[in-house]
Amino acid sequence: MAKLIFFSPYPNETNMQDGFFVRVKNIDNVFLQEQRIYLYVSLRRNLRFKKTEENNKLTIVEANAFFHYFKILSILNCANIYYVQSLYNYFWTFLFPMKKNKKIVWDVHGAVSEELAFDGRKTFACWADKIESSLANRATVIVSVTNAIYNHLSKKYPKLSKNNIIYPIINNSFFIAVPKARINALRTELGIMPDNVVFIYSGSLIKWQRFDDILNIIKYLNNPVYRFIILTGQVEDALQKIKDNHLENKNIVVKTVKPDELAVYYSLAHYGFILRDNHILNQVAAPTKLLEYLYYGIIPIVDYEKIGDFYDLGYQYIDSDAISDNIPICRSEKNANIIKSFFLISREEDFRKMVLNEIKI
């Protein structure tokens, strides 16, 4: 009998550029010793039932909520622990009857219903609220990426489980020391000199990440020693936006790189853009990008500083309004130490024992 069902697609080389799958892979590494099924249920996709057994510990299932109803029900009945990787991946599984003796671990990445409402998807926001309320009442263990998100949920749902475990999104395979030779090779490739101040943006062009505002800041900077690196999966769109804003002469490099190549780029940078609005979504967030910036001593450029738990931890940042042509070369040892302290509460074996102990199996 499978012990664990994860409600999520399984991470692979294609989707690992998404911060969500960094989290999924991080958690999967914790439970490699357990029999586990990854169940991805869609309402419109997965018209053909697909079941792949990767090894004697891992099974990956893709199914459609309508066409494969009974197969899904059979899978749900064969496990005694459900691990909900984000509310989004529980949307349609929620439709299936589940026995009350099943243990539920709810991994909370953010404020999903508020996010949907923010995007104007009111119907889905109401549906998410219904599911969230159900999970708040049934979950045996809450795994939170920040204290802020757990505090937010506990105010909404007084019956929320007190078995809360804080486990930040830490990709242990990502946070590595980069050889100086590799850094110097990239510096030469990009034409970056020792006196250059390097700004970086790593992420998508999705509206709430405010890429247009980042370009607007760059537009008014004229220091010839400034260099800008844009790392995104949407290279053509980024280049078009740069052209539309007449920024071709601003020493901007735009590239797509694999996750394991990000570290060397971060090792070159001094400042990193992470613009966010003053909204509950950002107050409870733990952006993978921000953790990565901090680990490499990059100083975030923000216009809303109280992102997740980092403000309370005292991270070093610079306000976007303070960006001028007089920004010095600077990196932050304090920021790096904050993330190193996260490793102390993110050891995989300790986390595994905590979860299994809480659900008492």
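The values are calculated or read from the model by the stated rules, or taken from the named source; none is laboratory data. If you're wondering where the values come from, they're calculated on a predicted model, not measured in any experiment. For neighbour counting, all protein chains shown are included, and Cβ atoms are generated from backbone atoms with ideal geometry for every residue, glycine included.
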| task | Those residues that are touching a residue at least 40 places away in the same chain (Cβ under 8 Å) and acidic (Asp, Glu), I need them from the stretch 120-174; list them, please. | result | GLU132
| field | Near pairs, Cβ below 9 angstrom, 6+ apart or cross-chain, from the stretch 16-37 (free of Cβ contacts under 8 Å to residues at least 60 places away in the same chain) to any residue that is of a type in the set (Asp, Glu) and crowded, with 18+ Cβ neighbours inside 10 Å | value | ARG36/ASP28
| query | What about VAL254, is it over 30 Å from ASN151 (Cα atoms), among the hydrophobic types (A, V, I, L, M, F, W, C) and not assigned by TED's automatic domain parsing to the domain that holds GLU115? | reply | yes
| task | Go through the residues of the stretch 2-9 one by one and say whether even a single one is modelled with pLDDT under 85, among the aliphatic types (A, V, I, L, M) and surrounded by fewer than 22 Cβ atoms within 10 Å (Cβ to Cβ). | result | yes
| request: Exactly one condition in (1) part of a helix (DSSP H, G or I); (2) touching a residue at least 12 places away in the same chain (Cβ under 8 Å) is not met by THR188; state its number. | output: (2)
| Any chance LEU153 is over 28 Å from SER341 (Cβ atoms), out of contact with any Pro (no Cβ under 8 Å at 6 or more places or on another chain) and modelled with pLDDT of 90 or more | no
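Here is a check on your reading of the model: is GLU248 surrounded by fewer than 16 Cβ atoms within 10 Å (Cβ to Cβ), in the same structural domain as ILE217 (by TED's automatic domain parsing) and touching a helix residue (DSSP H, G or I) at 6+ places or on another chain (Cβ under 8 Å)?
For GLU248, the condition - surrounded by fewer than 16 Cβ atoms within 10 Å (Cβ to Cβ), in the same structural domain as ILE217 (by TED's automatic domain parsing) and touching a helix residue (DSSP H, G or I) at 6+ places or on another chain (Cβ under 8 Å) - is met.
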| message | Show the residue pairs meeting these rules: Cβ distance below 8 Å; 6+ apart or different chains; first residue within the stretch 325-346 and under 16 Å from TYR311 (Cβ atoms) and in a helix (DSSP H, G or I); second residue modelled with pLDDT of 90 or more and among the polar types (S, T, N, Q). | response | LYS334/GLN316; ASN335/GLN316
| query | Within the stretch 289-315, restricting attention to residues that are of a type outside the set (Phe, Trp, Tyr) and part of a helix (DSSP H, G or I), which residue is modelled with the highest pLDDT? | reply | LEU294
| note | Selection from the stretch 47-76 of residues buried (at least 18 other Cβ atoms within 10 Å of the Cβ) and within 21 Å of LEU95 (Cα to Cα) yields ILE60, VAL61, GLU62, ALA63, ASN64, ALA65, HIS68, ILE72, ILE75, LEU76
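Name the residues in the stretch 126-146 that are among the polar types (S, T, N, Q) and either more than 18 Å from PHE20 (Cα to Cα) or touching a Cys at 6+ places or on another chain (Cβ under 9 Å) (or both), would you? If you could, list the steps in order and put the result at the bottom.
Step one: filter the stretch 126-146 for residues among the polar types (S, T, N, Q), giving 133-134, 137, 140, 144, 146.
Scanning the stretch 126-146 gives SER133, SER134, ASN137, THR140.
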| message | Considering only residues that are of a type outside the set (D, E, K, R) and surrounded by 19 or more Cβ atoms within 10 Å (Cβ to Cβ), which ones fall in the stretch 31-46? | response | PHE31, ILE37, TYR38, LEU39, TYR40, VAL41
| task | Scan the stretch 10-24 for residues that are under 21 Å from ILE104 (Cβ atoms) and either of a type in the set (Val, Ile, Thr) or surrounded by fewer than 17 Cβ atoms within 10 Å (Cβ to Cβ) (or both) and jot them down. | result | VAL24
